[in-house]
Each structure stands twice: as C-alpha cells, then as structure tokens.
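Here the structure is laid out as structure tokens; the discussion comes afterwards.
The values are calculated or read from the model by the stated rules, or taken from the named source; none is laboratory data. Given the structure is predicted, the values throughout are model-derived calculations rather than measurements. Here the Cβ is made from the backbone with ideal geometry for all residues, glycine too, and neighbour counts use every protein chain on show.
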Amino acid sequence: MDWQAARVSILLAALTALVLLPVGILLARWLAWSRWRGKPLAEALLMLPLLLPPTVIGFYFLLVLGTNSTLGNWLSQSMGLRLVFSFEGLLLASALINLPFMVQPIQRAFASLPDNLREAAWVSGLSSWQTFWKIELPLAWPGMLAGIALTVAHTLGEFGVVLMVGGSIAGETRTLSVAIYDRVQAFDLGGAHQMALALVLFSLLALALVFAAGRTGSPGKGVPR
Amino acid sequence: MDLKVHLNCPGPIQLDAEFECAAGELIALVGPSGSGKTSLLRAVAGLLRPPRLAGQVALGKTLWFDSEQGIALGPQQRRVGLVFQNYALFPNLSALENVAVACPSQLDIWNDASLRALFERLGLAGLERRRPAELSGGQQQRVALARALRRITHQAQEASPHHGVLLLDEPFSAVDAPTRQTLYRELASLRQEVSTPMILVTHDLAEARRLADRVVILDGGRTLQSGPPAKVFASPRNARVADLVGIQNHFEGHFFKQSPGWGRLSWRDSGGATLDLQVIDKNRLADGAAISWVLVGEHIDLLPASGPSVEPSTHDNFLICQLLELLPLGETSLCMFSPKALPQSRLTLNLSSSQLRKLEAKPGSLLQLRLPPEGIHIMPQRAAP
C-alpha cells in the first residue's frame, strides 16, 4: 500500500468536496428555480465533464494554464502560482470535473421542494436568507450528502485528468489510482491489488451512503400529500 | 382597517379587479378555475408582482402597492396571513415551530403563553411536537390557519398597531366533508374574535354563500359583480355572471315595454315557438332588446293543471307544463318541466315533495306553474368583453 498516495488521494477528495459544496449549492439552487432561457446551455456545459474523455479535459487544462500560456504565465509571474504538475492545479481540475457530481443531486433536491414552501416562508415574514437557512437547507440536506459522497468517490477514482494535469509526483500529485497504474507497470500486481481493493470497497461504501441518504431523508419525506 | 384593492395587468396573467374588504368582513372571490382568483390573492399578498401590474393595494392608510408612486412592498413587509391550498407547512419543522416561524428568535416558543393559547383555541393542544406528516389533513389545515393567524395578530416584531389581512386560498378543498363542516364552524366562530379583513378564494358556490358577507365574481381576471351572496345569486348583472353562479334556468328572449313599470318578455325556444311572460320594467332595457333572463326558484308555485282560476288582474304568469323527470331528494324533489307552448325548452326546479305528492305528480303529468314577475330576472345579453 502506497500510504503517501493514499494521503494525497484522501486530501484531494476531501478538499474537492469542501470547495465544491458551496459552489454546488449556489449553482444547483439557481438551476432548480431559474427560468432563464439560456438554462439548457448552462446545464449542458455543466454535464460536459461527464461525457468528455479525461484526456481532453486534461489537455485543455494544460493548454490554458500551462507555463507557456498567457494565463499560466501571468499566474506564476504575479502570484507565484503554478497550476500544472502541482497539488493546487490538481485540486482546481478535480473541482471542475466533479461539478456535475456535486450539482446534480443538490439540484434535484431543491427542485423537488414545493414552490409554495418558500412563499409560505416569505408570507410568514422570513427574509430570503432566513428562508434559505431555516427551510431550504434542512430540506435539501440529503441531496448535499449525496453530492459529497459522489464527489469523494469520483475524485478517488479519477485517473486520466490526474495523470495529464498532475503527473505522478510522489507526495504531491500521485494519487492511489495513478499509484496502481505505476505498480502494474512495474509488475507489482500484489501491491496494485491491495490499493485497487481498497478503492473498490471505499466506492461501494460511498454509494451505499448515497442510497441510504436517499431513502431515510428523501426530500419528499414529510411533505403533506 | 379596510383593505382596498384595485389592480390591473395586461399580461401575462390578466387582471382587471377592484374590490374592498372592511375590517371583520369576509368576502369570497368566486370564479371557475383559471378565472384569476388565486392570482389576485397572490397579488394582494405580494407574491405576484409582474412588471406591468398597475393599480393600488392599501390596508387602511398603509400602501402595500402603488404603481404610480412606485411602491411595491415584498410579502415580508405586508402583514398577510395566508393559508395555502395545500397548506404549505414546513415538513422539517414541528407544528409549533411551523406556527412560530416568524417569531423573534430569542422567544422561548415552548413556553410562550400566546402560542399555547392559539394551539388550544384551534384544538391543536398536545400536537405541538408533531411533524406535518404525522398530522391528519384537518389538523394540518388548523396548523396552517394558526400560522396565518399568528402572523396577523402577533405584535412583538413591529410597533404597528393595526392587524393585517387573512387570505384563504381554497383552504377547505383538500379535507373530507365532515372535517369541512367543522372547519366552517371554526371559521365562523373565529370571525367573532379576529377583526381583520378576510378574503376567501373558492370555486364552491355553496361555500361562498354560506361563509361570505359578500361575494366577488371573477372571470378572466375581471371582477364582474360583487355584493351579498343572496343578491348576486338571485339577480346576476349579466348572462356571464348567471352562468358562473350556476343558475340552471337561464334563457334568451326579447323585451318589449308595456304600461309604465311593466314589460313583456317574449320567450322563444330553438323550435321557433314563443311564449309571452309579464315582467317588471326597471327602465334599464330598451324596447325590443335581446335579453337573457333567469328564473329565481323561490318564487314559484305549483298548481294543478286545471287549477283554480286566479283573479286575472294579477300580473302573475301561469304556465301549463309537462313534468318530464322527477327525482325525490327528501323534502324537496328535483323536477324537470317542459312548457306546453314551448316543448323544446326545459325548466329545472326544486319543488316541495309533499306538494308534488298532493297533486299526484308523476313523469308525464301536466301541472301548472305560477311565476310571479319578481321571480323573473331580466338582464342584457352577454356583456361586451
């Protein structure tokens, strides 16, 4: 077991979920209730990372943020921030490709809230912020839990983008999935197996958690029929 | 504090409504689905504010909405207790928390005397800790009512001395009939204690008739007529109102002036036959005008066909009719008649069952109906849109 890689993987997964949760809530809430005409395009854009090969995403990431690009150059010159082959860059890429995994379940949770719950709150005198805090958030919570679990599981399993953007720098960008690849290439099948099995079990656990959250606290629970 | 509403909106939701509701008065907004009654209620509450909405909503001297002065308060700033059709209780909160949702946060809601009194008043004592899903439909309805009442009677948040407006959006449509009867009584007794304007939206005419001091008839977002239920139901202003209030005996004809105060109604059926009836001339209709008219059931008498000849001096109309159908409903029976002179026309009347028995009435038999002029209400044909 490559504990260093496990540490990078877990840190990446936790930070990705942490960064994405507030972004996901805002985006999901807007998508669930907006009547903006361009919404389908925004939704398509959001879903794109699900369909594109990870190599395509990684390739464009390198192109836009690499040290040879204007933006990448500016970032490293003015802020000392290097986003390719670094943990920070890996985190940014991971957040981007996990957006649909975080947003989708939360959006469904918000969309399933009856419209007039918010109206009832406003009429009762609650401000938009109080309504969000006291009513919307507690009711959309199962969707958020699902979003977090899916994001964590998917980040642990991501391979293509990690390899393209981060490479395989021990302790910095080498995650478990990349470490497995390295082990196999070195014909260390036993070592690869250990880590692969750990990933399988963890993902299974995360998915079970998603379904459990969906059952016990589905947004429909307790809504008067 | 009187509520004054005058709203106009060309679209997307058409509104052209004007009505007032005095403190302690209950008015019913009545109309078919899609008539804009719920939209109107939502506009009063501040939930519906389309960009082209014009007019004024005012409670006493407080302007809630005024398009000319650019005033449009949000729903939080209007003091409105709204009971939603599906109650819209917060499923994540207990019954008490649902009601106390707008209370100041430092209030200890579990030890608040006014909240406890409200729960007892509405028969909800002991249910404070239940979630909405653990309450029956009637109980949920009471919690929703309690929440609305709390909003308009609770004084602690603002210094404003006046209360608000209670808005009820078809609140009785989702409960079973016995519960509905109980809730009707609750509302009636509540009106003794809460003296705010109350607006009830309903499509149920019987409900409007039973609960409201005044009804406002709405169609396509327009207020067509308002007044005490008995008056609106007995003398609709035009044919559309007659349709909307569900008057069954609604016919077409022509009006001709006669001696001062009296007119002749020429009733024509689809077969071309005509029948003349004496009517009262209120000088509102021109000689020869095409009219709609309705028969107001309470004034009709049933006599044997060969009936006692009545003094010819009266203005009453006597119609020989054939009884086509007879449906006993207990004390009264639903009867369908066809006048002998107008075999194509149908009159539907609720008549006393004992009277029908006395006359040995059965389908096919001939009877005489006495229609006094005051039971015939004439009005212009369909109002110009």
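Looking only at residues in the stretch B:41-62 that are over 17 Å from residue A:131 (Cα atoms) and in a loop (DSSP other than H, G, I, E, B), which one is farthest from the other protein chains (Cβ to nearest Cβ)?
Ranking the qualifying residues of the stretch B:41-62, first place goes to B:61.
A quick yes/no check of all residues on (1) within 23 Å of residue B:235 (Cβ to Cβ); (2) free of Cβ contacts under 8 Å to residues at least 24 places away in the same chain:
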position	(1), (2)
B:338	no, yes
B:341	no, no
B:344	no, no
B:349	yes, no
B:370	yes, no
B:373	yes, no
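Assess whether residue B:228 counts as being over 19 Å from residue B:32 (Cβ atoms) and over 17 Å from the mean Cα position of the chain (by Cα). Full working, then the answer.
Values: over 19 Å from residue B:32 (Cβ atoms): yes; over 17 Å from the mean Cα position of the chain (by Cα): no.
Here the answer is no, as residue B:228 does not meet what is asked.
Residue-by-condition table, conditions (1) over 26 Å from the mean Cα position of the chain (by Cα); (2) within 12 Å of chain A (Cβ to nearest Cβ); (3) in a loop (DSSP other than H, G, I, E, B); (4) in contact (Cβ under 8 Å) with a residue 12 or more places away in the chain:
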{"position": "B:64", "(1), (2), (3), (4)": "no, no, no, yes"}
{"position": "B:77", "(1), (2), (3), (4)": "yes, yes, yes, yes"}
{"position": "B:82", "(1), (2), (3), (4)": "no, yes, no, yes"}
{"position": "B:87", "(1), (2), (3), (4)": "no, yes, yes, yes"}
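Out of everything in the stretch B:155-174 that is in contact with a Gly (Cβ under 9 Å, 6 or more places away or on another chain), within 13 Å of chain A (Cβ to nearest Cβ) and at pLDDT below 80, what residue ends up being nearest to residue B:76 (Cα to Cα)?
Within the stretch B:155-174, the match that is nearest to residue B:76 (Cα to Cα) is B:157.
Here is a check on your reading of the model: is residue A:164 in a helix (DSSP H, G or I), on the phi < 0 side of the Ramachandran plot and at pLDDT 90 or above?
no
Within the stretch B:4-13, does at least one residue satisfy the condition of being crowded, with 20+ Cβ neighbours inside 10 Å and within 14 Å of chain A (Cβ to nearest Cβ)? Give the steps one after another, and end with the answer.
Filtering the stretch B:4-13 for residues crowded, with 20+ Cβ neighbours inside 10 Å gives B:5, B:7, B:9.
Still in the list and also within 14 Å of chain A (Cβ to nearest Cβ): none.
No, every residue in the stretch B:4-13 fails to be crowded, with 20+ Cβ neighbours inside 10 Å and within 14 Å of chain A (Cβ to nearest Cβ).
Could you give me the residue pairs with C-beta distances under 6 Å whose first residue belongs to the stretch A:112-127 and is more than 7 Å from chain B (Cβ to nearest Cβ), whose second residue is part of a loop (DSSP other than H, G, I, E, B) and of a type outside the set (Val, Ile, Thr) wherever it lies, and which are 6+ apart or on separate chains?
A:112/A:219
Would you tally the residues in the stretch A:124-161 being assigned to a helix (DSSP H, G or I), more than 30 Å from residue A:195 (Cβ to Cβ) and touching a helix residue (DSSP H, G or I) at 6+ places or on another chain (Cβ under 6 Å)? Explain how you work it out, then say what you get.
Kept after step one, since they are assigned to a helix (DSSP H, G or I), are these residues of the stretch A:124-161: A:128-157, A:160-161.
In the following step, the residues that additionally are more than 30 Å from residue A:195 (Cβ to Cβ) were identified as A:128-143.
With the extra rule that they be touching a helix residue (DSSP H, G or I) at 6+ places or on another chain (Cβ under 6 Å), the set shrinks to A:131, A:135, A:140, A:142-143.
Count: 5.
Among the residues of the stretch A:171-187, what is the count of those that are assigned to a loop (DSSP other than H, G, I, E, B) and surrounded by 13 or more Cβ atoms within 10 Å (Cβ to Cβ)? Quick ask: steps written out before the conclusion?
From the stretch A:171-187, those assigned to a loop (DSSP other than H, G, I, E, B) are A:171-175, A:186-187; that's our starting set.
When the remaining residues are screened for being surrounded by 13 or more Cβ atoms within 10 Å (Cβ to Cβ), the result is A:172-175.
The total comes to 4.
So, in the stretch B:89-103, how many residues would count as being in a helix (DSSP H, G or I) and more than 7 Å from chain A (Cβ to nearest Cβ)?
The qualifying residues number 6.
Quick one: count up the residues across the stretch A:104-138 that are surrounded by 24 or more Cβ atoms within 10 Å (Cβ to Cβ), hydrophobic (A, V, I, L, M, F, W, C) and within 29 Å of residue A:48 (Cα to Cα).
The number of residues fulfilling the criteria is 2.
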